[in-house]
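Data block below; observations after.
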Amino acid sequence: MYAIVETGGKQYQVEEGRYVDVELLEGEKDTKVVFDKVVMVVNGKKSKVGQPYVKNASAEGTIMLQGKAKKVIVYKQRPKKGYRKKQGHRQEFTRVMISKIRTTAKKSKAEETAVEEA
């Protein structure tokens, strides 16, 4: 079972027990994170596709690492003008370990008591 979630303007395929590197998220190491913008959940014949998101679906995980990617060199030059500019860039990312993919939202305590009373 895996899901496709949207965060940071991009879509990522997540799977329980695996980690994924996403755009920088706020939070420190061992902080819980919930991705509620689930575009698609794939589980054999029980697969769901959202329009645009799957209702009551979420992916939960914990932050493992706040890091920076390898350096990328940005080099600009204009021919015959003597213009050269060399820059480096390191993109920040957050590594998240996915612990659970939920297809239905958890019921709150008030909803559970209302169901029990009825």
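Okay, residues lined up against (1) modelled with pLDDT of 95 or more; (2) of a type in the set (Val, Ile, Thr); (3) in contact with a helix residue (DSSP H, G or I) (Cβ under 6 Å, 6 or more places away or on another chain):
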| site | (1), (2), (3) |
| --- | --- |
| Lys80 | yes, no, no |
| Gln87 | yes, no, no |
| Thr94 | yes, yes, no |
| Ala105 | no, no, no |
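Count of the stretch 1-23 residues, restricted to those that are in a loop (DSSP other than H, G, I, E, B) and among the basic types (Lys, Arg), is 1. I'd like the residue in the stretch 1-26 that is of a type in the set (A, V, I, L, M, F, W, C) and within 10 Å of Thr94 (Cβ to Cβ) and, out of all such residues, is nearest to the chain's Cα centre (by Cα). Checking each candidate, the answer is Val22.
List, please: which pairs have Cβ atoms under 7 Å, are six or more places apart or on different chains, and start with a residue in the stretch 35-59 that is over 15 Å from Thr7 (Cβ atoms) and touching a residue at least 60 places away in the same chain (Cβ under 8 Å) and end with one that is basic (Lys, Arg) and surrounded by 13 or more Cβ atoms within 10 Å (Cβ to Cβ)? Every condition considered, the pairs that remain are Val41/Lys48.
Can you find a residue that is surrounded by 11 or more Cβ atoms within 10 Å (Cβ to Cβ), farther than 21 Å from Gly8 by Cβ and either charged (D, E, K, R) or more than 23 Å from the chain's Cα centre (by Cα) (or both) anywhere in the stretch 61-82? Checking the stretch 61-82: not a single residue is surrounded by 11 or more Cβ atoms within 10 Å (Cβ to Cβ), farther than 21 Å from Gly8 by Cβ and either charged (D, E, K, R) or more than 23 Å from the chain's Cα centre (by Cα) (or both).
The values are calculated or read from the model by the stated rules, or taken from the named source; none is laboratory data. On a predicted model such as this, the values are computed, not experimentally measured, just so you know. Neighbour counts run over all protein chains shown; Cβ positions are idealised from the backbone, glycine included.
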